[in-house]
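Structure first, commentary second.
The values are calculated or read from the model by the stated rules, or taken from the named source; none is laboratory data. Note that the structure is a prediction, hence the values are computed from the model and not measured. When we count neighbours, we look across all protein chains shown, and the Cβ atoms used for this are built from the backbone with ideal geometry, even at glycine. Surface areas here come from the heavy atoms of the whole protein model, side chains and all, with no ligands, DNA or RNA. Shrake-Rupley method; radii C 1.70, N 1.55, O 1.52, S 1.80 Å.
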Amino acid sequence: MPRTATQALRKNFLGNSPGWYQSAIILFLIVNPIMLIVAGPFITGWLLIAEFIFTLAMALKCYPLQPGGLLAIEAVIIGMTSPEAVYHEAIGNFEVILLLMFMVAGIYFMRDMLLAAFSRMLISVKSKLLLSLLFALAGATLSAFLDALTVTAVLITVSVGFYSVYHKVASGKQLVDTQHDHSEDTQLHDYHREDLEQFRAFLRSLIMHGAVGTALGGVCTLVGEPQNLLIAEKAGWDFIEFFTKMAPVTMSTLLFGLLTCLALEATASFGYGAKLPNAVRSVLEDYNRAQQAKRTQQDRVALWVQVAVALFLVVALAFHWAPVGLIGLTVIVLLTAFNGIVEEHRIGHAFEEALPFTALLIVFFAIVAVIHDQHLFTPVIHWVLEQERSLQPALFFAANGLLSAISDNVFVATVYINEVKAALDAGVIDRQHFETLTVAINTGTNLPSVATPNGQAAFLFLLTSALAPLIRLSYMRMVIMALPYTIVLTSVGLGVILLFY
């Protein structure tokens, strides 16, 4: 027990995270002001990015909000950015914030319908190869018409549902036990541990196939990713024109991405290939039968309401009837009103998953504000624009991919498209070259950025979700599992850019 206030403060700092991790964060906070004086804001800015990526990489040791938040607060205090700049970045991404607050909560109220549908798929499809392909295709198709974060929220909800069902049985509990803590393994029976580990590997592979699928589909349409809408607006493209301009790259990468999915499962490499244990399949089949047997007329009507609202969600997002977050709020109101969920504490549970990540995203915008204020990417942009015209599309693709993988693809796309639009308006480039560079910017920010969780908001959401610690999905494991996809998508995308643009 700590005897002094100083000892108590030291023990409380960052809670149960390892001592070496706490010391590293303290060291970062001490070094940054010194580096600002000694090396200047440009070098210190890149150091800050590396430190923030470190907090993301250690997400299973400590949620990145606290250490990342301390780094962001220090950046503001020492003058590397300002509260106004952070606010500006947050307002610029307000649609994404609304999406996280309301759409993820809306998906929570669809979990019974989603679990029933995906349980049937999991039980019916015995082939892991086919199941993986279905998850990747579902992620790609849904992301093309919805958005990657919403689809990732669906995949997380379904996976947590599967995991909790088996974890109850493995812990000797009844399926109807609503108080069971599926994050705690102390009550696991020894003979279930091996099956649980294999089940974790099985879910990891499915969720990663689905997450990469969201990137494959999200790049195709102007509603697939937040930056796509901005790019389409700058280029003056509608839904169909955006799709056709991007098609040579996006359709090629979709095909090769799905082939990569099949190859990874067939070769059982890079952490893929784990099969669903027979014991787990039996539990899920029993659960499915039990759910069907005890389902009352009221339960069936509630499921049909969820199906109807899900159809409304797809149509509303596909035709962009309103900002995504407002559609999510509409989903919450419809599902809770027609399914009788009117108690505040029952509604509050839906927001537990999304709000910590929303707070983390604002911290991330503070780091983006530092990148913007200190012009950390400017040298790269200027260098690319100085190269030969024929080389620029490939260089834009590569530069956007690299910078998106270490920062944020929305920010990178915003910076690059504004620079290219300014060059068009100034008469430096013509309209045809502008459209070619626009394709390179969009595909460059969307495809190679699957390399790291911080490259795509959907990947970062997955890393910091409640699912990640359950299935032991760490930052480095995500990087390793995404590596073959990164190589294939980057190579194919770059090849098509060189050949056809």
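Here are the numbers:
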read-out	value
Qualifying residues in the range 446-461 (those that are modelled with pLDDT under 85 and among the aliphatic types (A, V, I, L, M)) - the one nearest to Val368 (Cα to Cα)	Ala457
Residues located in the range 432-446, provided they are more than 16 Å from Ser404 (Cα to Cα) and in contact (Cβ under 8 Å) with a residue 60 or more places away in the chain	Phe434, Glu435, Thr436
Extreme residue, modelled with the highest pLDDT, among residues of the range 86-132 that are open to solvent by 20 Å² or more (accessible area, probe 1.4 Å) and of a type in the set (Gly, Ala, Ser)	Ser127
In the range 48-76, the residues that are in contact with a Pro (Cβ under 7 Å, 6 or more places away or on another chain) and without any contact (Cβ under 8 Å) to a residue 60 or more places away in the chain	Thr55, Lys61
In the range 17-64, the residues that are within 25 Å of the chain's Cα centre (by Cα) and open to solvent by 50 Å² or more (accessible area, probe 1.4 Å)	Trp46, Leu47, Ala50, Phe54, Leu60, Lys61, Tyr63
Residues satisfying the stated conditions in the range 447-473, i.e. over 12 Å from the mean Cα position of the chain (by Cα) and touching a residue at least 60 places away in the same chain (Cβ under 8 Å)	Leu447, Ala466, Leu467, Pro469, Leu470, Ile471, Arg472, Leu473
Cβ pairs under 7 Å, 6+ apart, first in the range 1-24 and modelled with pLDDT of 85 or more and of a type outside the set (Asp, Glu), second open to solvent by 40 Å² or more (accessible area, probe 1.4 Å) and in a loop (DSSP other than H, G, I, E, B)	Ser17/Lys61; Pro18/Lys61; Tyr21/Met58; Tyr21/Lys61; Gln22/Phe13
Some residue of the range 233-253 being of a type in the set (A, V, I, L, M, F, W, C) and either within 15 Å of Met481 (Cα to Cα) or touching a strand residue (DSSP E or B) at 6+ places or on another chain (Cβ under 9 Å) (or both)	no
Test result for Leu259, out of contact with any Cys (no Cβ under 8 Å at 6 or more places or on another chain), more than 21 Å from Val415 (Cβ to Cβ), open to solvent by 10 Å² or more (accessible area, probe 1.4 Å) and part of a helix (DSSP H, G or I)	yes
Total residues in the range 264-279, condition in contact (Cβ under 8 Å) with a residue 24 or more places away in the chain and open to solvent by 50 Å² or more (accessible area, probe 1.4 Å)	3
Candidates Thr436, Thr443, Thr378, Thr464 - the one that is open to solvent by 10 Å² or more (accessible area, probe 1.4 Å), hydroxyl-bearing (Ser, Thr, Tyr) and modelled with pLDDT of 90 or more	Thr436
Subset tally (residues that are farther than 28 Å from Thr81 by Cβ, under 34 Å from the mean Cα position of the chain (by Cα) and assigned to a loop (DSSP other than H, G, I, E, B)) for the range 1-16	1
